[in-house]
Every structure is written in C-alpha cells, then in structure tokens.
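The values are calculated or read from the model by the stated rules, or taken from the named source; none is laboratory data. Model, not experiment: these values are computed from the prediction. As a convention, Cβ positions derive from the backbone with ideal geometry for all residues, glycine included, and neighbour counts pool all protein chains shown.
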Amino acid sequence: MHSDDIHSEAYSGAETGEEGTARGSKGRMGVRPGVESPGSTAPSAKRRPPRELTVDEHVAGILSGDRVILGKTITLIESLKAEHNRKALAVMEQLLPHTGSAIRIGITGVPGVGKSSFIEALGSWLTEHGHRIAVLAIDPSSQLSNGSIMGDKTRMEKLSVDPNAFIRPSPSAGSLGGVARKTREAMLVCEAAGFDVVFVETVGVGQSETMVHSMVDFFLLLMLAGAGDSLQGIKRGIMELADAVAINKADGDNIIHAKRARSEYEGALHLMKYPAPDWSPPVLTCSSITRAGIAEIWESISEYRARMTANGWLEKKRREQALAWMHESIRQALQDRFREHPGVAAQLPSLERAVSTGEQPALLAAQRLLETFFDEEISTL
Ligand code: GDP
C-alpha cells in the first residue's frame, strides 16, 4: 500500500473541506482546511491522477481512526457519481456493525442564536473531558450560498484545531433529502471512526429540522430571551420536536431576561404533548461565552440517554428512524428514476402546464406519466 496514494486527492470533483480539521490528522498534514479550488495548481504542473482508495482501504482507515481517510470517505459519500455511490454503499455495509455507540445530538435555532458558539463551547468542554466529537451540518441554504453553516470554519476556532474534534460543513449539492442522506451516512462513518458524540447542526427554519430530528437521539433547540417566538421564526412544530430547550446568551444583563424566558418556555412546553415516557423536555439557560450552564446541558443529555436506554425508548426510536430512512430512500430513488426516464422527461413539462391551466385533470396526467414509466396500463391510482 502506498501511503502517498492513499492520501492523494481522489474524488476531487466533490471536494469541499475534505480533510475536516486536518491539523489533528494522521497522514499528510499540509492540506489547508476549507474549499480546495480546482484551479489552484498551475496548469503546467502535471499531477498523476490520484488513485482512489479501495473499499477495504476505506474501511480499514475509518476503523483505525485515520481522519484523512475519514474525510475522503465522506467525500465519497457526498459524490454525485453513481460509481462512487455504489462504492460508498459497500463501505457503509462493512462499517455498519461498528456504528451505533455514539450519542447523536441535533442542534437547531435561527441564524444568530449562537449554534456554532454553543457547539464550540460544549464540544471543547467534552473534549476536555475525554470525549471525541464530530460536528456535521445540514444546511439547505448551502446550495445557494456555498455553505453558510460552518462554511467558514474559523467560526469554531478552538474545535477546528482540536485533535479530538472533527468538523465537516454541510454537503452543498443536491436536494434537501439528498443532503440529509449524505449527512446521515457521514454520521455513521464518524461513529465507526470512534467519535462518541456527534452533533448535527441545522438552521431553525423550514424542513431541515424534521430531517435532523429523524436521525438523532436528542434534539436541542436553542432560543434567545426576549425575542418572541415569531421573531425567532421558530414554529410551534419545532418546539414539539425538542428534547430540551436552551435559552442561549444567558450572560451579563441578559441573565435576568433568560430566567424569565425560561419560565415562559416551561409553561409553553408544558402544554405540548411529548412522545417519550419518563421524560419532559427541560428548559435550561446557558452562555457559550461564560460557559455557564454548559455542563448542565450535558448532564441533561446524559440523563436522557441513561433513562431512554433503560426503558428501551432509544432503541425503539433508532429502529423506527432506520425504517423510515429506508422508505424515504426508496421514495427518493423512485422519484429520481421517474424524473430521469426519457419518456417521462419528454412529457412532463407539457403535462405540468396542461394540469396547471386546467386543460388536463391531474389524475389523468399522473396516470399517463406512470404508464409511460412502467410501460404498462394502470387501472387505478
Ligand atoms: P449561529 O448563527 O446560530 O451559529 O450563531 P453564532 O454562534 O455565529 O453566534 C452569533 C453571534 O452571537 C456571534 O456574534 C456570537 O459572538 C454571539 N454569541 C454566541 N453565543 C453567545 C453567548 O453565549 N453570549 C453572548 N453574549 N453572545 C453570544
């Protein structure tokens, strides 16, 4: 095995921040974290085309905790090429028995609430206490903005140079469903690489919460004192998903407001139904600057994990999540195939127009498209 080849830049078409926080990595260290510009090498500098790792090399690298290979495996997962997808699945299949031991924590809240500062504070506290943490993100806006969550890694300055932390920005290509799938797989790969706490960060607007909620054990909603629900853009539905709410920026003059907000949210949560037995979502306060309340939040997460493991809820939740993911993947794949079908693609725009102008009944159009796709008559829809 040639280590230079192993650490070369395979899958470069899909590379964004592949090396994670490369400074703590084994292997070649000189890679600048962040987005590698494909045009950064002089055209005259001929480089040997990189050799891609084999499935076994990916698996062995991950299991030995090699973070360079971890980065490459996530890049493989994120690749849009079919051959890479097939390889990624083969890697995932071998890694699956080595996953499941981490606690998976979703973090949400509107932009500016302090998500990255919070992850930096809790994450550093955790690595100081012997944990190894991975930070991933689902950011639907990254398709437009080239990654706003953690695109700029300096936002987590301490963690980004912490050898016991691995930070990966949101995949930026594809639909929200596709991005979520890739993040879910990246989460499993991080677990197999020995990270025992995985954070998945998302913005508290829109559908991405539901996606993150469906892949984590514990969903933490960050809020601000005195901003009001509507101002914070947090929908009631998102509060219902929370396993805990933390009022952030509880420092300085804001402490008093945070305490007041705490009892307001306690009242609001009290009125909502919460699905798990033996737990009601606590409302906590914290500050990423003073670190007040950070250890208490970890205590709460640990308590939740202990109780939900003892009563079987966590196992049930993970089983249901895996099943839901299977169905979601089937739906996604069928939909992709459907849209890619040449006959469907040829008819779809005109049928969409005809349906939207009322010239064609929606069901009839659906039937025609499905008959084209399946190449057989469909009697009922
Ligand atoms: P995000 O968009 O949710 O990731 O928010 P950031 O972590 O980028 O924080 C947004 C702003 O709030 C930054 O200017 C931070 O310095 C500030 N901030 C974050 N956490 C705290 C905190 O605990 N206390 C105070 N006073 N400011 C904070």
I'd like the full set of residues that are touching a residue at least 24 places away in the same chain (Cβ under 8 Å) and more than 18 Å from the chain's Cα centre (by Cα), limited to the stretch 82-91.
HIS84, LYS87, ALA90, VAL91
If we only count helices (runs of 4 or more DSSP H) wholly inside the stretch 225-344, which ones have 3 or more residues that are of a type in the set (S, T, N, Q)?
294-310, 313-340
Answer residue from the stretch 92-109, given it is crowded, with 20+ Cβ neighbours inside 10 Å and either without any contact (Cβ under 8 Å) to a residue 40 or more places away in the chain or assigned to a loop (DSSP other than H, G, I, E, B) (or both) and is nearest to the ligand (Cβ to nearest atom) among those:
GLY109
Confirm whether GLY130 is at pLDDT 95 or above, on the phi > 0 side of the Ramachandran plot and more than 14 Å from the ligand (Cβ to nearest atom).
yes
Of these, ARG291, ARG260, which one is away from the ligand (no atom under 16 Å from the Cβ) and not hydroxyl-bearing (Ser, Thr, Tyr)?
ARG260
When you scan the stretch 152-164, do you find a residue that is of a type in the set (Gly, Ala, Ser) and either at pLDDT 95 or above or under 14 Å from the mean Cα position of the chain (by Cα) (or both), even just one?
no
